[in-house]
Amino acid sequence: MSTAAHGMPARLTPSRDTLQALYRLLAAGLLCVVLSFLSDAFLTPGNIINVLRQTALLFMMASGLTLVILTAGLDLSIGANIGLSACLAASVIKATGSPWLGVATGIGCGTLVGLLNGALVTTLRIPSFIATYGMMWMLTGITYYYMGGETIHGFPASFRQFGSGYFLGVPIPVYMMLLFLLIGSAFAQRTIWGQEIYAIGANPVAAQLSGVPVARRLVLVYVVSGAMAGLASLIILARINSAQGDIGEELTLPAIAAVLIGGTSLFGGSGSLSGTLIGALILTLVLNGMNLLQINAAWQPLITGTIVLLAVWIDARARRASE
Amino acid sequence: MTKPCAVATPSLLARVPGVAIVLAILFVVLGLTSPSFATPANVANILVQSTILLLLALPMTLIIMTEGLDLSMGAVLTFASIALAITVLATGSVSLALLAALVVGSGFGLLNGWLVAALDIPPFIATLGTLGIAQGLSLVATDGQSVVGIPRSIQVVYSGSMLGIPIPIVIGAVAFALLCLLLYRTRFGTYVFALGGNREALRLAGVPVRRMLIAVYALGGAMAGFAALLMTGRMSAAHPTAGLGLEFDAIAAVAVGGTSFERGDGWLIGTLLGVVTVGVLRNGLNLLALPSSVQVACIGALVIFALFVDGLRSRA
Amino acid sequence: MNAGAVGGSLGAPEFELQGISKQFPGVKALDDVSFEIRAGEVHMLLGENGAGKSTLMKVLCGAYQADSGAFFHRGEPVRIASPADAGKFGIAVIFQDFTLVPYLDIAQNIFLGREFASRIPGLTDRRRTYVEARRVLESIGFDIDPRTLVYRLGVAQQQMVEIAKALSQDARILVMDEPTAALSARETEQLFAAIRRLKRGGVAIVYISHRLAEVFALGDRITVLRDGRKVASVLPADTSPDDLVTLMVGRAVDTTYGRTFCAQPGDVVLDVKGLAADSGISAIDLTVRAGEIVGLCGLVGSGRTEVARAIFGADRVTAGEISLAGERIDGSPHDSARRGIAFIPENRKTQGLALARSVGDNIVLAGLQTMFPAGLYAPHRAAQAAQVMIDKLRIATPGPRRIVGLLSGGNQQKVVIGKWLNAGARFFIFDEPTRGIDVGTKAEIFKLLDALASEGAGILMISSEQTEIVHVCDRAYVMRDQQIVGELSREQLTEANIVRLGMQS
């Protein structure tokens, strides 16, 4: 703003955030450089496309979750939600032959789960991490039961385009990622609902006493998180062309990691979708690197877990310092 | 000031109805729907199988009383069992193997405690992180394969009996007694109540709060390590994914048993009944040939219900 | 009256503070205050809010360090640098928010951290805990089974446990801050009986109270503070309730309030009938007309904030009607804000602002729906609107992007007010608008209130500063014990009348 007087302490809000985003971008760049030295296979077109595709997928999962974490909540049911949505969508596609019905089912299921989570958190006042934790187990159980150990595969080509198709040499999921980054960022930064969500995360009591309909907004973020999970499930389906009960199992931790690495604070009120994108990129690069270096895939949850802990610790430190 | 102000009734009376009723109803329903359910052999079976869960749920009760949570217990149990299996196969010594399991368990417990108490990381995130770590270590150490060929000396811990009572039940009873002693008759137990009920009071009283909190989580890890002995004995093998998800049953048992997540209130008999309830539920649904996934869904619903009831109670 | 106890008036006092001064940024909380505490005596400490009572007690118990002054323990000069030091001299404070653990029993709470070890290593000696607990409880005449869990106790009983806890640590000086605020008449009597027993045992008690009846029923000595200075230290026999009120209240008027009182109030803006809420208030009737500033007075805990919250919709209303400009409302904060009701809460840091966010973000929060009816948020328009408020209210900030937490208290309050002005509010509820604010900003806020009123807004103002109410409000309601006990018109509105109505007589 032009009214900033020179000589007074810097306007802290924008500079600090942009600085942090730049650091992260730098970290991502550094990772790329390091990896290109460590492995010849890194800078190949095939691998780059792979990284982009994985990042896109991770971002789609983590974008809705970002909104939830912005309100100082958590959605541990994302992975299970993806699993259930994917399996239901798969059956519908198989049964009716119509990809669009499948899409509707997937997104619909995800949204419904989100609605349930939102209801548990706002109406029953159950803390979000417990509510979504219980939901996670319920959904996992339902998914396994529904699939009965079987696999569904073979989807129509038009559907598979979503996950495997290219446009101008770039995988379609990447375009979707950019689209949702745009939409998501616009929602968070350029709508009044986005502003209210930030306010709720920063101080829910003050937000409520300022007339923000807190319960309604909370339900909204869980619904969006669920819907995005539903969407992500479709892309996964389209990519791997099959569905089985354990699809979503290992996805929750990376999604949370992406959001936290991206700079969104677990304690609410600060963060952004672009941050989550960079976080998704960084995490994907790390895991990609591990793959290229032939490190046992079993180490991945370990690394992801450690990264999550590091990110939270840094966040908690920063919080205490500013108090 | 002539008449006494209040009677010292423990809240036993207020809470017995809750979980005991649920248990009784379950028993009746399952007994009616499944002929093989209400037999003495089956009941004994339930109790034996529930012991592992009991060993997890008891320290989980304490952790939850401090307004915390340990999501990593199942993964730690798994990794401890792998450590135990590898050790016994390498050295042939049961005691060394048990030691290995205990070291692993306590190590993770201390890590959890340190993350929560010293680094101020919210418990569910901290233990979610260590869950990933433990899970990863399990997979790496075994390359995804089960460790088989567990000697009889370990198997007998689960299948043997002492004076006609199955060893697991003896272990369970001893663990229950020790934890009751710990919670209700030692300073440490008193401090556990305070950690959840009014941490500030403890600080003002000059008690090292951080150390106490770490100890609570360490206890959870240690008992998970001990439970690994039973689990490995039961399966005669150590699978890299065996115990995963057991922490969920433990949390469910504690919630159903009436321990609140937010008030520093907790009772071990409730957890015991909760463990039996979960065990009964699983057993009954097994006999009805419902797959594990449905059981999990049911337990999930049970937890949400228990939390809802708990929320009503605290608002009343 | 109560005579001084054993050795009280002859030997050196149990504890003495001399010439204590304490300065905080912007305000001198204590100015050369001396205070004697004698064994076996109940020393009453009186004064209005902000007179320095709690600051003095915090200095005594080591929570604050005095800028200057001396301490004497039984005639010997000593230092108190920390709460631990105070503990060594037997000074114990009974806190308002109790330090009790709900699911432990009374005995365990009393001896928390100092448990008795049993002969079996590792275990605690429960029997001894109960025996010792019973002994302490009996010494204050509290007859209760020490195995009772604390959460089952009422506030009065919990207070007794706190006293027992302090005694069990060999307290010789007990400081009690408004101990009867939440007690019934009968519980108060029980507390007094306990205090009298303590006196007979030689314990000294410093008792802060607003209730004049208590002061005369229990006190052996009375000290009155005003504006950080000690204005009197008398025996109850040498004074009267009226004298005390005069001592507490009389001061030179040095703040400019600049209020032009409303000659012709407009239509009724807010009409409240028979309001009751689950916060405990009941039978509340009040009205506010356009152009009026109506005060809501009473002691801390009398229910004023609860009334404000009920009107705004922040607490659940259980009975009664609220009408805004003739329209019945029973809503939520969201609804109230939409209708143009503003709520400036007592605690601006925890309830009025998101400290980590910018000035601009805070200012536009309540007005988002009005400013952007289509839902699309335009940051530059929001910044402009925020700048308008910054200029209008003269908020000292380099711009709307500064983080609110870095502003001074007065400017933070202006941000809260700006938030509601930006939202176009027409009815304002102010809860302690000038608490913790420097004199200069206070004057600005009063001018603002006056301007709002002249423009036809209706204002309900809660304040514990009687002077403010008298100089700013057109009329006022007085509350006591969760109900309205009186209404004072412009002519009747004097500090003495407020104080009299608000205290138990």
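All of the numbers you see were taken from the coordinates with simple rules; none came from a lab. Owing to the predicted nature of the structure, the values given are computational and were not obtained by experimental measurement. FYI the Cβ positions are ideal-geometry reconstructions off the backbone, even for glycines, and counts take in every protein chain you see.
The DSSP beta bridges internal to the protein assembly as shown are antiparallel in roughly 60% of cases.
Among the residues of C:353-366, the average count of other protein chain beta-carbon atoms within 10 Å of the residue beta-carbon is 6. Considering only B:Leu98, C:Val470, C:Leu365, the residue lying farthest towards the positive end of the dipole of the protein assembly as shown is B:Leu98, judged by Cα position with unit charges set on Cβ.
Quote the charge dipole size of the range C:34-123 about the Cα centre in Debye, to the nearest 20; the model charges only the Cβ of Lys and Arg (+1) and of Asp and Glu (-1).
Numbers: 8 positive and 9 negative charges, 52 e Å.
Dipole of the range C:34-123, to the nearest 20 debye: 260 debye.
Just check chain B against the gyration tensor rule for me: Cα atoms, a ≥ b ≥ c as the square roots of the eigenvalues, rounded for a/c under 1.5, and otherwise prolate or oblate depending on whether a/b exceeds b/c. Verdict is oblate for chain B.
Looking at chain C, send over the antiparallel percent of its DSSP beta bridges, to the nearest 5.
Details: 41 of 76 bridges.
Beta bridges within chain C, antiparallel portion: roughly 55 percent.
Of the candidates B:Arg210, B:Arg234, B:Arg282, which one comes out as most mobile in a Gaussian network treatment of chain B with C-alpha springs shorter than 10 Å? Looking only at B:Arg210, B:Arg234, B:Arg282, the biggest GNM fluctuation is shown by B:Arg210. A cut-off under 12 angstrom between Cβ atoms defines the neighbours of C:Ser118, and their net charge, with Lys, Arg +1 and Asp, Glu -1, is +4.
What relative contact order, as a whole-number percentage, does the range C:136-269 give when Cα pairs under 8 Å and 6 or more residues apart are counted?
On the way: 100 pairs, mean separation 25.3, N = 134.
Relative contact order here is 19 percent.
The calculated FRET efficiency for C:Leu376 paired with C:Val300, based on their beta-carbon distance and R0 = 41 Å, is about 0.35.
Note on C:Asp438 and A:Leu182: with the Förster distance fixed at 45 Å, the Cβ-Cβ geometry gives a FRET efficiency of about 0.45.
So if each residue of separation counts as 0.36 nm, and I subtract the Cα-Cα distance between C:Gln384 and C:Phe72, what length gain in nm does that give? Could the numbers behind the result be given before it?
Values: separation 312, 0.36 × 312 = 112.32 nm, distance 5.94 nm.
Working it through step by step, the gained length comes to 106.4 nm.
The label point for B:Ser146 and the one for A:Ser36, both projected 7 Å from the Cα toward the Cβ, are 4.8 nm apart. For the range C:116-216, the residue among C:Ala185, C:Ala164, C:Val131 whose Cα projects farthest onto the positive side of the dipole built from Cβ charges is C:Val131. Is the shape of the range B:168-316 best called rounded, prolate or oblate, per the rule: a/c under 1.5 gives rounded, else a/b larger than b/c gives prolate, else oblate, with a ≥ b ≥ c the square roots of the Cα gyration tensor eigenvalues? Verdict is oblate for the range B:168-316. The helix-only estimate of mean residue ellipticity at 222 nm for chain B, built from DSSP H runs of length n ≥ 4 each weighted as -39500 (n - 2.57), is -25500 deg cm²/dmol after division by the residue total.
For the range B:174-316, the dipole from Cβ point charges (+1 on Lys and Arg, -1 on Asp and Glu) about the Cα centre works out to 380 debye, to the nearest 20. The label point for B:Leu99 and the one for C:Thr318, both projected 7 Å from the Cα toward the Cβ, are 6.4 nm apart. Using C-alpha pairs below 8 Å separated by at least 6 residues, the relative contact order for chain A is 31 percent. The label-point distance for C:Asp85 and A:Leu25, in a model that sets each label 7 Å from Cα toward Cβ, rounds to 5.5 nm. Hey, how many Å between the Cα centroid of the range C:305-335 and the Cα centroid of the range C:182-226? The two parts, judged by their Cα centres, are 38 Å apart. For the protein assembly as shown, what class follows from the C-alpha gyration tensor (a ≥ b ≥ c being the square roots of its eigenvalues): rounded when a/c is under 1.5, otherwise prolate if a/b is larger than b/c, else oblate? It comes out oblate by the Cα gyration axes. Hey, what angle do you get for helix C:409-422 against the long axis of chain C, alpha-carbon based, 0 to 90 degrees rounded to 10? Helix C:409-422 sits roughly 40 degrees off the main axis of chain C.
Considering the dipole of the protein assembly as shown built from charges on the beta carbon (Lys and Arg +1, Asp and Glu -1) around the Cα centre, which of C:Gly19, A:Gly268, B:Phe79 is farthest to its positive end? Of the candidates, B:Phe79 comes out farthest on the positive side. Mind jotting down the distance between the C-alpha centroids of the range A:50-118 and the range C:104-122, whole Å? Between the Cα centres of the range C:104-122 and the range A:50-118 lies a distance of 53 Å. For the protein assembly as shown, the dipole from Cβ point charges (+1 on Lys and Arg, -1 on Asp and Glu) about the Cα centre works out to 1160 debye, to the nearest 20.
Rounded to the nearest 500 deg cm²/dmol, what is the calculated helix-only ellipticity per residue at 222 nm for chain C, with -39500 (n - 2.57) per DSSP H run of length n ≥ 4? Provide the component values of the computation, followed by the final result.
On the way: 17 runs with 165 residues, N = 505.
So the helix-based figure for chain C works out to -9500 deg cm²/dmol.
For chain C, the longest principal axis of the alpha carbon atoms and the long axis of helix C:126-139 meet at an angle near 80°. Cross-link partners of C:Lys447 among lysines, defined as those whose alpha carbon lies under 17 angstrom from its own and excluding same-chain residues fewer than eight positions apart: C:Lys392, C:Lys414.
Reducing the range B:87-144 and the range B:282-307 to their Cα centroids gives an inter-centroid distance of 28 Å. Here the relative contact order of chain B, from alpha carbon pairs under 8 Å that lie six or more residues apart, stands at 32 percent.
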